[in-house]
Amino acid sequence: MQRNLSALADGVFDLLIIGGGIFGGGIARDAALRGLRVALVEQHDFASGTSSRSSKLIHGGFRYLEQRAFALVAESTRERRILQDIAPHRVRPLPFLLPVYRGDPRPLWLMRLGMTLYDVLALYRNPAAHRKFSPARTLATEPGLDPNNLRGAIHFYDCQEDDARFCIDNLLHAAALGAVCANYCEVTGFSALDGKINSATVTDHLGAGTFDIRARAFINAAGPWVERVAGLLPPAEPGDLPRLSPTKGVHILLPRITQSHGIFFQGRHDGRMLFILPWNDCTMVGTTDTDFKGDPADVRADTLDVEYLLAEVRSLFPNCGLTASDVITTFAGIRPLLRSDTSAPSARSREHSILRRGENLLSIAGGKYTTYRLIAEQVVDAAYGILGSRPAPCRTAKTSLPDFRPATAGERIAENPEVFASDVTQAVGEEMASSVEDVMRRRTGLALSRSGGPAVAEHVARIMTTAAPQDAGRIGASLRAYCEEWDRNRPGN
Ligand SMILES: Cc1cc2nc3c(=O)[nH]c(=O)nc-3n(C[C@H](O)[C@H](O)[C@H](O)COP(=O)(O)OP(=O)(O)OC[C@H]3O[C@@H](n4cnc5c(N)ncnc54)[C@H](O)[C@@H]3O)c2cc1C
């Protein structure tokens, strides 16, 4: 995948996709597989928005049963099965324990009932049916759990993935099929006549200035920025602008405290469902869910978020002895949820909607990572309506996503995740990584591990500079920025 801005400026595309998160990437791959001429631009790095800041689960959404979102659960479990089939190297089953204690808001019998419904709605496509574990078996499986008042646990499966990497793989496949994609290119305006957009104006943040991209249909897949991008096309008619009620979600990374299972549990402070997940050589804990009104580009964990999550971990794993100084790093993201009347952030719908503005702008609002493939299919079908032709059949449910990782060779720079110098070289040469953060956070996953600190980042910067000596200045500056951000994302800084 090469950054070819003249191909963007010179072509006339069927679709211009705005946003290189998982929805944009999924739409680009779907449309390219159907033979459409596709362009995609991303204002920052690919997957730098919500699509690298999720809990990294491809899940049926057990907790949505409480909101009676049965259709969403059925849809999600169906999509989870498809993603396991087309990308088994990325979407892996993860065993979970759901421990239940005396006094929890949802008793064990209710959780079992819910899990039975979860299996049924999945039409038994869950990686394995759930089982009930006795307290003794629960503690034998995860010995660090609090034994006091433990009633037992439910053992079940969902799937885990690397959200940023999976997104980049979708983009790489789209590009291999002919899509022209570029990161660090922001859409700043549209040129339109009578509600029909002819071109989008794009600013290249790596220095090539401003240019226009012409297309017949425009897809606004800007996630938390979807309202802002839709608003670039005046005049707005009430009702045809997407409306969000975004919420912030925080995760913290701790030293490993579990064996091999994810733990899904009822928070002791407010009864919300929380996750403790194995992640690289760490434990990932999440997530908070609070209203967010600021700039989506400036979201981070604050002290209260970290203390809330740590308190939950300590009450479930009383002997872990973890404090804020043990936190390896934190990350935060914005859920671009549809606006609803529900005031409680955790109860807001994870459904999506596709809105048309003017003649030829489609915007996607809401949704979740798990259902990206289906949402992309619906968006491309809708885009055919704008193009005025019958939709070619969607092929994404049956077409494998290639494994783009290079054959491992040469120097190994980290063990868990296992990363080689060749991964960094490929990121620079084939995957449009231009900063240390692009490589650490979104190509290799190093940023969310014990290898995420300055020592490995400096090593990565040296390999990048060898691969692209002409960019030495930019890479050096990006190393400094990465190290500052690493410090900011640790509590107490
Ligand atoms: C804390 C948290 C946990 C979550 N956990 C899960 C989970 O476990 N499983 C699950 O299924 N879902 C989960 N989700 C939801 C999931 O992450 C999102 O639904 C999904 O990532 C949204 O993808 P997107 O492509 O719409 O948005 P994004 O990934 O944000 O992509 C939009 C992109 O558009 C770009 N953009 C914006 N404006 C412009 C412009 N003017 N020009 C060019 N580009 C622009 C942005 O830079 C951004 O990269 C979670 C979300 C959060 C916040």
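FYI, it's all coordinate maths here, none of it is from the lab. Treat the numbers as computed from the prediction; the structure is a model and nothing was measured. Virtual Cβ from ideal backbone geometry, glycine too; neighbours counted across all protein chains shown.
Assorted remarks:
- Within the chain, all pairs of alpha-carbon atoms sorted by distance into 20 Å bins from zero give the percentages 24, 57, 19, 0.
- Test item: Cα-centred dipole of the chain, Lys/Arg +1 and Asp/Glu -1 on Cβ, debye: 1440 debye
- Set Lys248/Lys293; Lys56/Lys248; Lys56/Lys368; Lys368/Lys398 screened for pairs whose C-alpha atoms are more than 19 Å apart: Lys368/Lys398
- With viscosity 0.692 mPa s and temperature 37 °C, the Kirkwood radius over alpha carbon pairs of segment 1-153 converts through Stokes-Einstein to a diffusion coefficient of 174 µm²/s.
- For Leu244, distant residues with modelled amide H under 5 Å away: Arg339
- Convex hull projection area averaged over all views, segment 183-287, Cα basis, nm²: 11.1 nm²
- For segment 245-322, the Rg and Dmax computed from alpha carbons only, in angstrom: 12.9, 39
- For segment 70-181, the convex hull drawn through the C-alpha positions has a volume of 134 cubic angstrom per residue.
- Rounded to whole Hz, the Karplus (6.51, -1.76, 1.60) HN-Hα couplings of segment 394-400, x for glycine and proline: 6, 10, 6, 6, 10, 9, 5
- Over all orientations, segment 412-488 has a Cα convex hull whose mean projected area works out to 4.2 square nanometres.
- Counting only Cβ charges, +1 for Lys and Arg and -1 for Asp and Glu, the dipole size of segment 1-79 around its Cα centre is about 200 debye.
- Along the axis of the charge dipole computed for the chain (Cβ charges of +1 for Lys and Arg, -1 for Asp and Glu, origin at the Cα centre), the listed residues Ala397, Leu121, Leu145 are led at the positive end by Leu121.
- Computed on segment 325-452, the Cα convex hull volume stands at 189 Å³ per residue.
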